[in-house]
Amino acid sequence: PVTPGELLCLGSSLAFSGLFYYLYRKKARAVACIQEAPKLQVDDDLPALVSAADGKCLPYVALEGIVLPAKAALTSHYHEGLQGVIQKLLLKEHRLIWNSLARSW
């Protein structure tokens, strides 16, 4: 005989397994899109290509080209001869409205 506690454990186990499998498949699709991303060169044709795309946005691309550091390139302490740069990010919020129900901006 199966007890209600065992049925509850089995049901919750199946529910969690289904949830985690769904999340795994969702992330696997995103990884597949990234791996199939087209490789583009940074040149004068890139702005025209972006403006011709749907919504003037390319979802996943790999840009190849020469990057120049603003001050000095960062050198690795662990791999000799390996250098890198830091990309400056600019976050611009388009609209900021106070939500009185959630008490947040």
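The values are calculated or read from the model by the stated rules, or taken from the named source; none is laboratory data. Owing to the predicted nature of the structure, the values given are computational and were not obtained by experimental measurement. Neighbour counts run over all protein chains shown; Cβ positions are idealised from the backbone, glycine included. Note: areas computed on protein heavy atoms with side chains; ligands, DNA, RNA excluded. Shrake-Rupley method; radii C 1.70, N 1.55, O 1.52, S 1.80 Å.
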Next item on the list: Would you check if there is a residue in the range 57-70 being at pLDDT 90 or above and exposed (fewer than 10 other Cβ atoms within 10 Å of the Cβ)?
Entry: no
Note to self: So Asp54 ticks every box in (1) under 25 Å from the mean Cα position of the chain (by Cα); (2) surrounded by 10 or more Cβ atoms within 10 Å (Cβ to Cβ); (3) at pLDDT 85 or above but one. Which box is left unticked?
What the structure shows: (2)
Margin query: Every residue in the range 1-17 that is loosely packed, with under 10 Cβ neighbours inside 10 Å and assigned to a helix (DSSP H, G or I), please.
Written below: Pro4, Gly5
Next item on the list: Take the residues in the range 71-101 that are at pLDDT 80 or above and among the aliphatic types (A, V, I, L, M), then tell me which one is most open to solvent (accessible area, probe 1.4 Å).
Entry: Leu101
